[in-house]
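K.L.:
One structure, pasted below without further comment.
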Amino acid sequence: MPSIAAKPLQVGKASTYVDSLAPHLFMPTAQRPVRAKCRWLAADTQVKPHQHPWAQLAISTTGTIRLTVAQGTYIVPPSRALWVPPGVAHAVTMVDSADLRTLYFHQPDGRCGPDVAPEAEAAWRHCRVLNASELLRAVVRELSTESDEQLPLPAEQCRREHHLSALLLDELRRASAVQLGVNLPQDKRLRSLCEAVLADPTRYATLQDWAQDSGASPRTVARLFQQELDCSFTQWRQQVVLTKAVAMAAHKHSIQHIAATLGYGPSAFSAMVRKTMGMSPSRFLGLHAEFKNPP
């Protein structure tokens, strides 16, 4: 199946690169519609760009990952999971040293989604960041990660896998989507600037300062943001800040610490999150009650 990504995949640098772990040995089928694999990878390791003819769910139950497609990049902490439709080229970069769990889903010809009705498929034909419930994460951990090189699963384990797969698909259909993606441009000058902001969004305070390293004037950079990303630099940077905040929350940092690290006062950070996401920082970040909310 050809890739449905219309743009070439450009991916930021990492310290270590690895290939996808033998995806052909975990191919989902009508008989085994959900397959799972797991590998531990060190922080700043990147799984090189690749694609599959089946759908995928990327999740780590122990750390944060970054998944990049041609149109954008997604930060995925343990409280979230990322659905990737069939044929979409993608690369995974480990933000933390953690286990990377990859689930593959059999998709009948012309269909897309976790066994959803045809009229509900449209949303699943795009990458989606989903809230991962405790039950979903528990099911992911219980799925067999043995490859087709191993002996066939005993009948009892096959029945268990069948029940777990059905429960997982149901949890995916129930999961709410979260806006955690950051769109990326194709213009090389703007792409370089955007990758620098992703690496450290607090490095500079103004667009003029950011533009000085891009080889383009601030006016040109502002115009490119509108042309390629349909937003202002400030709006785009806010999305980066939100993804960084989610990654920090995965390490149980307080909202006050997250806000200060990202260059905000507690009240200003709270106001930005509420305006952008329509919910409180504690709810958006999935922090437990023991973390005090900003005023």
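Just so it is clear, none of the values below were taken in a lab; they were calculated from the coordinates. Predicted model, so just to flag it, every value in this text is computed and none were measured. Every residue, glycine as well, gets a Cβ built from its backbone with ideal geometry; the counts of neighbours run over all protein chains shown.
K.L.:
Per 10 Å bin, what percent of the C-alpha pairs of the chain does each bin hold, from zero upward?
P.N.:
6, 27, 34, 23, 9, 2, 0
K.L.:
State which entries of Lys37/Lys252; Lys13/Lys188; Lys13/Lys48; Lys244/Lys275 exceed 22 angstrom in Cα-Cα distance in the structure shown. Walk me through the numbers before you get to the answer.
P.N.:
Working: Lys37/Lys252 27 Å; Lys13/Lys188 15 Å; Lys13/Lys48 11 Å; Lys244/Lys275 17 Å.
Listed pairs above 22 Å: Lys37/Lys252.
K.L.:
Can you bin every Cα-Cα distance in the stretch 26-106 into 10 Å intervals starting at zero and give me the percent of pairs per bin, rounded to whole numbers?
P.N.:
Going out from 0 Å in 10 Å bins, the stretch 26-106 shows 20, 54, 24, 2 percent.
K.L.:
Select from Ala36, Cys127, Val221 the residue farthest towards the positive end of the dipole of the chain; place +1 on Cβ of Lys and Arg, -1 on Cβ of Asp and Glu, and compute about the Cα centre.
P.N.:
Val221
K.L.:
Quickly work out the Ala122-to-Thr145 label distance, labels modelled 7 Å from Cα along the C-beta direction, and quote it in nm with one decimal.
P.N.:
3.8
K.L.:
Name the longest site-free stretch of the chain, where the excluded sites are GluC sites (Glu not before Pro) in a DSSP loop with no more than 12 other beta-carbon atoms within 10 Å. Don't skip to the end; give the middle numbers.
P.N.:
On the way: sites that count: Glu149, Glu290.
My reading of the result: 1-148 is the longest stretch.
K.L.:
For the chain, what is the calculated [θ] at 222 nm in deg cm²/dmol (nearest 500), taking -39500 (n - 2.57) for each run of four or more DSSP H residues and dividing by its residue count?
P.N.:
Details: 9 runs with 94 residues, N = 295.
Mean residue ellipticity, 222 nm, calculated: -9500 deg cm²/dmol.
K.L.:
Hey, got the dipole for the stretch 16-178? About the Cα centre, +1 on K and R Cβ, -1 on D and E Cβ, debye to the nearest 20?
P.N.:
Dipole magnitude for the stretch 16-178 comes out near 240 debye.
K.L.:
I'd like the distance between the alpha-carbon centres of the stretch 109-160 and the stretch 30-77, rounded to an integer number of Å.
P.N.:
That distance is 13 Å.
K.L.:
Now for a different question. Taking the 0 to 90 degree range and rounding to the nearest ten, how far is the long axis of helix 233-249 tilted relative to the main principal axis of the chain, both from C-alpha atoms?
P.N.:
50
K.L.:
How tilted is helix 188-199 with respect to the longest principal axis of the chain? Cα atoms for both, answer in degrees (0 to 90, nearest 10).
P.N.:
That helix lies at roughly 80 degrees to the long axis.
K.L.:
Sorted from largest to smallest, which semi-axis lengths in Å does the alpha carbon gyration tensor of the stretch 16-178 give for its equivalent ellipsoid, taking the root of 5 times each eigenvalue?
P.N.:
Working: eigenvalues 94, 73, 49 Å².
Semi-axes (√(5λ), whole Å): 22, 19, 16.
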